[in-house]
Every structure is written in structure tokens, then in C-alpha cells.
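S.K.: Quick one: this structure, given as C-alpha cells, is what I'll be asking you about.
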């Protein structure tokens, strides 16, 4: 069986998420799909899974085009997408989950016994040692992943799409998953494997396609592809302005100092400086920011603010100490989506602008206007609910809380500021952050997993892995490729055996090196 | 904004207002009795007691909470105020005692829901039962005979308008000012839209609902004092039976979202008046009492359907306006806005 995408294009308004992408997956083949956040990977798999309708282009199965794909008809056609959240229901048992929507029945009643027997067979077939009677909620991430795959197999999947399947897995579980992928490939399944991790591509894939800004910029067989080729294909250093020479004064007291945890190094951010906190997904970047900000009750952390040791106990305390956070998930953690843009922008300033306890509409409007023009917010409309703005403009609203004269923040923690933000808005956000540092002397710590962002934005780059800051380098004079290879240690640059079936042990070692 | 469009917005935001006017006009034409002063005073007094409790209930809804205990609090406070008066106490002391008793229950609700993080639904359902029980323990037999000074609270007038209506107007105005004109009031909305975002923005996500529960208890207590003053009797078992559902119905009719994050005190006022006038209309039209319940129930469902339709209308208006704003400057965002 062959699944062939031709000229697949998806536009959202004026934003092009996918730009005439061609891609082929065949039976008995693992095709890796690589690219940054926002490169178009999720849009592509959603098109295949039938939950997003492409603007143009075709998806064909053995030469027969599939029209008007829906989630149901995609499954019926043999396309199974396993999204990161897996789509399992925690309260139901493993066998109930496997048969959800396809129950075996006798008249009106579910034949639970038969379901359990078939479920046990499906699980055994993929080598998963899981009791079909226990609730899915009781399983580890690895176990849940196995159940999701068993479900796809039981539905006669011919094309299996895995979306960053190892993101939540332990190294041992990831190794087991790798073995399973190779077993399924040997059984003749076509597998589209979406990932950030170059080492997984090197060990598992037969073919690779790299997406960047919605375009397939690199497609090749793995035989003859070196890791360096992939690194170059993923990163897009051409279009970025090189960072101006940094002249931050680091002789004084740092605005923020996070003492090293265990075996790492201290993290210091000086007034007027932007430090990037760079690492892969799951490296613990968000957790570090949240533990400084005091919003994670289980892991607060002692830090030094301008030389003074404090532990910030809550966001309120952090803000009182002039430390602000721009959270990563703007929809659930940042914005009040149904409320007007102005209220979202002056959330914090409102109390300060109030007179005798009552809000001052004119002063709030002035501050909003100041914020909106500093951020080039489009549209400049205070009454429009936040949910009506594009992703980039939503992010601008969120950042705008800390840019005006009504904000007293000195230290800004920014978590993944350009996720789902288009290129234009990205550049504007970088410019604003740089101005905040240069002109207002703010100390800014930006978490990111994109090397280009580090280059475009930061004075220094702190590497993060396994919850610890492992090293710090000056950004001017370094390249995106050097940064990428620092977090992907290149033991697998020699790819000669990568296309052959690797031993499970091999994979485990790879994961461990990555974590180190 | 163009006046015509402003009117459209207003209607889209308060769809029930139109229905309310239609209801009054139609029933007035049919019976000729709605607008006579005696009838209006009766409707107004009923509505006033509901409105006094509906204002804090609406705020709790907007913040994503609920208070089922108000009917029982009304009974307990009524019984306490009644007992003080029956024992020859001071009317002011009786009113203050009623409010304090309400706040004590509000305090318990607040501690369980905000400090311990229990479900507001379950906690206040529990206090609904428990507080009713306490009221009946305190006064197994109805207390009555409270004297004229206290009775003034229930039936007295000021400039020909019943005192209770004045109180309701003051509560509604202060509540509306709080919600729309103070930072803490806007934080009520923020908490209801996204508790996590509110917490990360440094908003007091515990203190605000805590204060709202105290307010809700205090107002239910005040409503209890007014009710027994009006009845000149305090039957612990019957006082405020089903009152919480009436209040919640009025709040929902007024367009406050059960899921939190939106609603206004003006809407609540319309909801309270609509519910009161609907029941009044059915009485005036000699509709049997069971049918009155059927009608209020159907009205609630219809109002929610109406809110859905006008909500979409409002969305269209917002999009239209955004497009006009953008037409000259930036087409990119306009398309995003419309998509």
C-alpha cells in the first residue's frame, strides 16, 4: 500500500500552514517527519487524520484519491493517527478502550468476555504485557502508548502515524517503542513518524522529510543522509538578522541568579541582558521558570534578586518583587480569551491606574494605546475579545502587560514566546523584547527550543537538559548549527548502520546520551 | 459608534428585555391589571427579595462558583431575627443578627470551597440541608408577632415605594459598580474565564470568591429578615423553600453564564423582573398554579436558546466591526478574524 500526498496546502486566512507538500509513505517503511514547532507537522498529520480539511492538494491511497476525509473515514481507509494525547479514556479499562466505538455486541449488550480475549490477543501481538481489565488511567505513559497502538492495529491500520511518541516516555519505554515500530514495519505497515529527535530519525527511519515554514525543504532516503544534513535542513539561519554585538555590563550584581541544582551551573541574568534557556521538549525549562515565579507549589526555588536571596511563594509575591512571567500556553495560562483585548492587556495595571478604588477608563485606555502601538497590535481594537486575534497578536497582547509605563517589572521570564506565531509577528516580538532589555534595562530570560530564536534574540545561551542548566555560552559568534549539535550530541553522525535494524540496547544508549 | 448599531448591540446583549416589554404590553391589554400600583407593588416586593440575593449569586456564577444554600440561610436568618423580635428585642439588632448569621454560613462555604478546594456545588448543597436543619432545631414551631417597627422593613414605604425595593436598588447599583468599575470586580470575570491564567497574573483567586461567599450569605440573611418582617411570622420549615432555585433561574434568565466569565447585573435585573412578571401574568390570567411552574421552566429553557441565538448575532457584530476597522489598514488580521 502507498499513501501519497500531492501538493497538499492548508491556509488559515493569510497564514499558510502547509505549502504544496509532496510526501509518500509505503508499506514496510518508516518515514520520519522533522521540523520545528509551527513548521506544519501537526497540520499535515491532521489533514491525513481527517480532522483538518486541506485547502488544496490530494491524499491518495494506492493511487485512489480520498475525498472529503473525516476522522471516521480516515480510520475506515486504514489511516490511524496516534496524537500525543493518545485519545484514550482514563476511566475505562484497556479492553473497553480498544473497542470504544466498535464494541462487540450480542443484541443490546456488550460481550465483555469476548472483548477481553480479543484485546489480550491484540496486546500480545505487539508484545505489550498489559492486563486488559485494568483502567487505562493506571498505566504508565509507555503502557498508554502501547494501548493506543494496539487500538490502531485492531482497527486494521495500514498507515500508522505517530506524533512525537517518545516525548513522554522513559528511556526504557522509548526503547521498547522503537522495537515495536521496527516490528510493525517488518509486518508491512506504513509508518509516518513525527519527531524532534534526530537520533530517533537516524535509528528508525528509512526516509525523511523535513518541513520548514510549511514547505517540504528536504526529502531523502536515510541511506546517504548524515545528521549534519538534517540539522542544516531544519534550521533556517538564512532569513534571521544576526544579533548585534552585545555590550551588556556583567560586572555588577545580576538581576536574577538561579543557583545550580545538583551538578549544573548557576544561571545569571544581568540588567539589560537577554539570556536564552535552550533545550529540548521535556528538558525542564518551563518547570525552572515556574519554580522561580512561585507558581508551582511543589517546587519553589531559592533565587537571588539583585543579590538578595528570596523564595517567591506565589505569582502575587513574584509580581510584588517585580518578577513577571509570560507563560507558554497563552490560551489556558495567559489570556482571558473571551474578555476584551484591553482588559487582557491592563490586567495587572488596572489596580495601579484606579483612583479611589474605582477603575479609570481614560487612563486604562491610554495605557492600552501605548501597549498596542509599542507591540504593533493588529487590529488596534480595545473591545475585541482576545480569542478573535491571530496567534501572533494574542502573544503580543500577553507580552504587552509588561512593556508600558504602567508596568514595574524588572525581570521578565518568557516561556516559548513564538509557539504558533507567524514570522512577521515573531520579528516584532523579538524587537520589543530587545528594546525592553536595551532601553528599560530589564533582565529577560527566554525559554526556547529553537536555535534560530536563540541567535535572533539572546546575548547568552544557557543549555538545559534533565532539569539542570548544563552550560552557558555567549551567543554572538555562535551558529544555529553549533547550538543544535550541543543539545543533540552527535554520536550518531556516523549513520552507516542507522538504516539497518538497530539493537534495542543501542537505542537506550542513544537516549541516555541525549539526556546527559 | 453609530446609534443604530449601538441599539443592535444592546438588544443582542439583553434579548430578554424585548420579551419583557412584550409580556407587559400583552398582559396589560388582556387584563388591564399589570400596571395598577397595588399589583406592581406586590410584584416589586417579590422581585426585590430575589434581586438582593441574585446579585451576589450572579457574581459567584461569573467567578465559576455557585451557592445553593441561600434558601436555607434565608430561613435560618429569618428564624433568628424573628426570635429576637418575638423576645422583645431591638429591630436593628434583629436585622444585624440576621446578616451576621448569613455571613457565618457564607464563611463556612467560603472556607470549604476556596481554602480546602472542595466543589462549590457539593459544599453548598450540603449546607442547604444542614442549615435548614439548624433553622428547624432552633424554632420547631413558627415564631410570630414582631411588632410594627420591625414590620416596617417588610411592608413600609419610603416616598410611596416599599423599603425592600429601595434596598434591592441599592444592592444592585453597588454590585454593578463593583463588577464593572473596580479592579477586583473585573478580576471576578478573569477568574471565571481562566482560573489558571488569573493565578499566574497575580490575581487573588482565593480571596475574591471567599469575599463573594460572605456577601452572598449576608444578602441571604438580609432577605431572611425582610421576608419574616413581611410575613410577621417565621416558619422554619417553609421559609425560603426552593428560593435558591428561583434565584438561580433568575440569574440564568439574566444571561449570566453557568460556566462563568460573563454576565451583568443589568441582565440579572431583567431576569428577576421577567420571572416575577411572568408569574404575575399567569396569576392574572387565572392559569392554574401547576401550569405556572411549567411556564417558568419553559421560559428558562427558551431564554437560554435565545441567548445562544443572540450570542451568535453579537459575535457577527463584533466581526463586522473588526472588519470595518481593518479594511483600510491590515487585511491579514481581518481574514484571521473572520476565519
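S.K.: In what order do A:287, A:396, A:378 fall by count of nearby beta-carbon atoms within 10 Å, going from fewest to most?
M.R.: Numbers: A:287 16, A:396 27, A:378 24.
Least to most surrounded, the residues fall as A:287, A:378, A:396.
S.K.: Measuring from centroid to centroid over Cα atoms, what is the spacing of segment B:130-144 and segment A:96-168 in Å?
M.R.: 57 Å
S.K.: If you don't mind, another one. By how many degrees, 0 to 90 and rounded to 10, does the Cα axis of helix A:171-186 deviate from the longest principal axis of chain A?
M.R.: The angle comes out near 40 degrees.
S.K.: When the Cα atoms of chain A are enclosed in a convex hull and the volume is divided per residue, what value in Å³ results?
M.R.: On the way: hull volume 87.0 nm³, N = 516.
Roughly 169 Å³ of hull volume per residue.
S.K.: Mean separation of Cα pairs under 8 Å and 6+ residues apart, divided by the residue count of segment A:256-487: what relative contact order is that in percent?
M.R.: For segment A:256-487, the relative contact order is 31 percent.
S.K.: Evaluate peptide B:187-197: per residue, the Cβ atoms of other protein chains within 10 Å of its Cβ; return the mean as an integer.
M.R.: Numbers: counts 3, 0, 4, 7, 1, 3, 9, 9, 1, 6, 13.
Per residue, the average neighbour count from other chains is 5.
S.K.: Say R0 is 25 Å: what FRET efficiency, to the nearest 0.05, do residue B:5 and residue A:332 get from their beta-carbon distance?
M.R.: Efficiency at R0 = 25 Å is approximately 0.15.
S.K.: While we're looking at this one, here's another question. Which whole number of Å³ per residue matches the convex hull of the alpha-carbon atoms in segment B:64-125?
M.R.: Details: hull volume 4.3 nm³, N = 62.
So the per-residue hull volume is 69 Å³.
S.K.: Give me the number: length gained by fully extending residue B:31 to residue B:141, i.e. 0.36 nm times residue separation minus the C-alpha to C-alpha distance, one decimal in nm.
M.R.: 35.6 nm
S.K.: Continuing with the same structure: In nm, what is the difference between 0.36 nm times the number of residues separating residue A:68 and residue A:440 and their Cα-Cα distance? Provide the component values of the computation, followed by the final result.
M.R.: Numbers: separation 372, 0.36 × 372 = 133.92 nm, distance 5.29 nm.
Length gained, residue A:68 through residue A:440: 128.6 nm.
S.K.: Further question: State whether chain B is rounded, prolate or oblate according to the following rule on the C-alpha gyration tensor (a ≥ b ≥ c being the square roots of its eigenvalues): a/c under 1.5 gives rounded; otherwise a/b larger than b/c gives prolate, and the remaining case gives oblate.
M.R.: Details: a/c = 2.23, a/b = 1.39, b/c = 1.60.
Because a/c hits 1.5 or more and a/b fails to exceed b/c, chain B counts as oblate.
S.K.: Continuing with this model, one more query. Once you sort the root eigenvalues of the Cα gyration tensor of segment B:16-157 as a ≥ b ≥ c, which label holds: rounded (a/c under 1.5), prolate (a/b larger than b/c) or oblate (the other case)? Mind dumping the intermediate values first?
M.R.: Values: a/c = 2.60, a/b = 1.23, b/c = 2.11.
Oblate, because a/c is 1.5 or more while a/b does not exceed b/c.
S.K.: Between residue A:20 and residue A:320, 0.36 nm times their residue separation minus their Cα-Cα distance comes to what?
M.R.: Separation in residues times 0.36 nm, less the Cα-Cα distance, equals 103.0 nm.
S.K.: Still on this structure, I have one more. Extending each Cα 7 Å along its Cβ direction at residue A:60 and residue B:290, get the distance between those two points in nm, one decimal.
M.R.: 6.9 nm
S.K.: Post the alpha-carbon centroid distance, segment A:407-434 to segment B:208-244, in whole angstrom.
M.R.: Using only Cα atoms, the two centres lie 51 Å from each other.
S.K.: While we're here: By how many degrees, 0 to 90 and rounded to 10, does the Cα axis of helix B:91-110 deviate from the longest principal axis of chain B?
M.R.: Approximately 50 degrees, to the nearest 10.
S.K.: In addition: Evaluate the distance, in nm, between pseudo-label points positioned 7 Å from the Cα of residue A:219 and of residue A:356 along their respective Cα→Cβ axes.
M.R.: Result for the modelled spin labels: 7.0 nm.
S.K.: Something else now. Calculate, axis by axis, the spread of Cα positions in segment A:256-487 along the three principal axes, and write the results as whole Å, longest axis first.
M.R.: Projected onto the principal axes, the Cα atoms of segment A:256-487 cover 51, 37, 31 Å.
S.K.: Tilt of helix B:163-181 relative to the longest C-alpha principal axis of chain B, in degrees (0 to 90, nearest 10)?
M.R.: 30 degrees
S.K.: Per residue of A:416-427, count partner chain C-beta atoms within 10 Å of its C-beta, then hand back the mean as an integer.
M.R.: Numbers: counts 0, 0, 0, 0, 0, 0, 2, 0, 1, 0, 0, 0.
For this peptide, the per-residue mean of nearby foreign Cβ atoms is 0.
S.K.: Okay, moving on. Can you put A:410, A:64 in order, fewest other beta carbons within 10 Å first?
M.R.: Ranking A:410, A:64 by Cβ neighbours within 10 Å, fewest first, gives A:64, A:410.
S.K.: I'd like the distance between the alpha-carbon centres of segment A:317-358 and segment A:12-63, rounded to an integer number of Å.
M.R.: Their Cα centres are 38 Å away from one another.
S.K.: Sort A:295, A:405, B:216 so that the residue with the fewest other Cβ atoms within 10 Å of its own Cβ comes first and the one with the most comes last.
M.R.: A:405, A:295, B:216
S.K.: As a check on your grasp of the helix formula, calculate [θ] at 222 nm for the protein assembly as shown: sum -39500 (n - 2.57) over DSSP H runs of n ≥ 4, divide by the residue count, round to the nearest 500.
M.R.: Only helices count here, giving -16000 deg cm²/dmol.
S.K.: What's the average, rounded to a whole number, of partner chain beta-carbon atoms within 10 Å of each residue's beta-carbon in A:312-324?
M.R.: Average neighbour count from other chains, rounded to a whole number: 2.
S.K.: Given a Förster distance of 60 angstrom, what is the FRET efficiency for residue A:117 paired with residue B:125, based on the Cβ-Cβ distance and rounded to 0.05?
M.R.: That gives a FRET efficiency of 0.85.
S.K.: I want to check the label-to-label distance for residue B:100 and residue A:281. Put each point 7 Å from Cα in the C-beta direction and report it in nm to one decimal.
M.R.: Going by the 7 Å Cα→Cβ label model, 6.0 nm.
Here, each number is a calculation from the coordinates, and none is a lab measurement. What you see is a predicted model, and the numbers here were worked out from it, not measured in a lab. We place every Cβ from the backbone using ideal geometry, glycine too, and count neighbours over all the protein chains shown.
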